[in-house]
């Protein structure tokens with residue numbers, strides 16, 4: 001009999017994209033498995049664009065809020081529906097809905113005080129920490145089993161909706177090449193390539209006949225305003241995540257910081273140059289073959305800091321336009 005599986009999904013957009021590799025693995029092992037994903041409203045749209053996901057179950061609790069009783073009640077409403085639950089975040093609160101659901105097997109890493117809530121506890125092997133996607137895949141396999149290579153995420157877009165979004169926002173339909181810039185990074189400035197570098201890159205592609213789109217949230221509007229290029233089309237703060245997915249699917253190439261939209265672009269198969277500063281391209285890389293990472297590899301990197309602890313941000317300041325453009329052209333040629 002096919003399993004019914006409840007997955008407690010991540011609260012970060014990029015992690016939700018990478019979680020699709022887990023969903024693909026679960027379906028490879030049980031093609032008829034029913035996979036339902038619990039997600040906060042800000043990552044639920046990503047899960048809704050995955051063919052492997054049967055149902056997205058939104059759990060609307062603010063980021064950082066405990067909401068313990070709400071999580072327990074949410075899980076109790078699911079009792080009797082699942083054979084297995086897999087908890088991707090490491091927090092105590094994220095394990096509560098899985099516990100309350102009564103799923104017979106509840107899998108996750110030990111994390112934060114979760115003994116008793118989970119009954120299939122995993123631990124990372126000693127040595128270098130696993131990539132995020134490999135940690136997810138480890139939860140699909142029996143204890144001690146080898147972690148398979150990840151199947152790349154593949155989000156689907158709604159082409160008609162994407163065209164309607166452009167018209168609704170007062171922009172012309174796509175007829176020629178489009179370069180999308182994603183200059184934001186929720187984590188902090190140590191992951192943001194300088195706006196002047198984005199400007200110089202955009203000017204090169206604009207001279208070649210590309211439309212230049214800038215995508216991001218309302219928090220990215222300030223940096224988007226600093227990107228100086230004639231004819232720039234600024235969508236920051238004007239779209240929701242579904243809009244962004246459908247817009248990115250229409251682009252010819254993407255340059256992005258290490259962010260959720262970077263992973264979205266890769267999962268849409270867009271040629272991508274992904275810029276890394278304080279984070280580690282070996283730990284959370286985009287997983288598509290047309291996505292290339294660019295970093296300086298300084299001795300102080302990766303520091304994983306939100307702001308440069310040395311005060312110079314050389315990892316991004318010194319990452320030149322030529323290097324990023326070369327990576328983008330190589331990605332486009334693949």
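Quick rundown of the values:
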{"read-out": "With Cα atoms, 0 to 90° folded angle of helix 321-333 axis to the chain main axis", "value": "70"}
{"read-out": "Region 92-153 versus region 211-243: alpha-carbon centroid distance in Å", "value": "37"}
{"read-out": "By average C-beta atoms within 10 angstrom, highest first, the peptides 249-262, 157-170, 20-33, 316-329", "value": "249-262, 20-33, 316-329, 157-170"}
{"read-out": "Computed E for residue 204/residue 314 - FRET, C-beta separation, R0 22 angstrom, nearest 0.05", "value": "0.45"}
{"read-out": "Tilt relative to the chain, helix 195-207 - C-alpha long axis, 0 to 90 degrees, to 10", "value": "60"}
{"read-out": "Alpha-carbon gyration tensor eigenvalues x 5, square-rooted, for region 1-54, Å", "value": "19, 10, 8"}
{"read-out": "Stretchable slack from residue 163 to residue 145, in nm (0.36 nm times residue separation minus alpha-carbon distance)", "value": "2.0 nm"}
{"read-out": "Cα radius of gyration and Dmax for region 247-334 (Å)", "value": "12.9, 39"}
{"read-out": "Spatial separation of Cα centroids for region 266-281 and region 283-325, in angstrom", "value": "10"}
{"read-out": "Gyration tensor (alpha-carbon) shape descriptor, region 1-143, a/c threshold 1.5", "value": "rounded"}
{"read-out": "Between region 27-62 and region 1-17, the alpha-carbon center distance in angstrom", "value": "5"}
{"read-out": "Simple spin-label estimate for residue 68 and residue 51 in nanometres, 7 Å along Cα-Cβ", "value": "4.3"}
{"read-out": "Segments 272-278, 78-84 sorted - mean Cβ within 10 Å per residue, highest first", "value": "272-278, 78-84"}
{"read-out": "Stokes-Einstein translational diffusion, the chain - Kirkwood Rh over all Cα pairs, 1.567 mPa s, 4 °C, in µm²/s", "value": "62"}
{"read-out": "Percentage relative contact order, the chain, counting C-alpha pairs under 8 Å, at least six apart", "value": "15"}
{"read-out": "Estimated [θ] at 222 nm from DSSP helical runs (n ≥ 4, -39500 (n - 2.57)) normalised by residues in the chain, nearest 500", "value": "-9000 deg cm²/dmol"}
{"read-out": "Cα Rg, Dmax, region 159-333, angstrom units", "value": "15.1, 48"}
{"read-out": "Inverse of mean 1/r across different Cα pairs in region 193-291, Kirkwood, Å", "value": "13.8"}
{"read-out": "Nearest 10 degrees, 0 to 90: helix 159-168 Cα axis against the chain principal axis", "value": "50"}
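Any read-out appearing in this document is the output of simple, stated calculations on the displayed coordinates, not a laboratory observation. If you're wondering where the values come from, they're calculated on a predicted model, not measured in any experiment. Note that we place each Cβ from the backbone using ideal geometry, even for glycine, and neighbour counts take in every protein chain shown.
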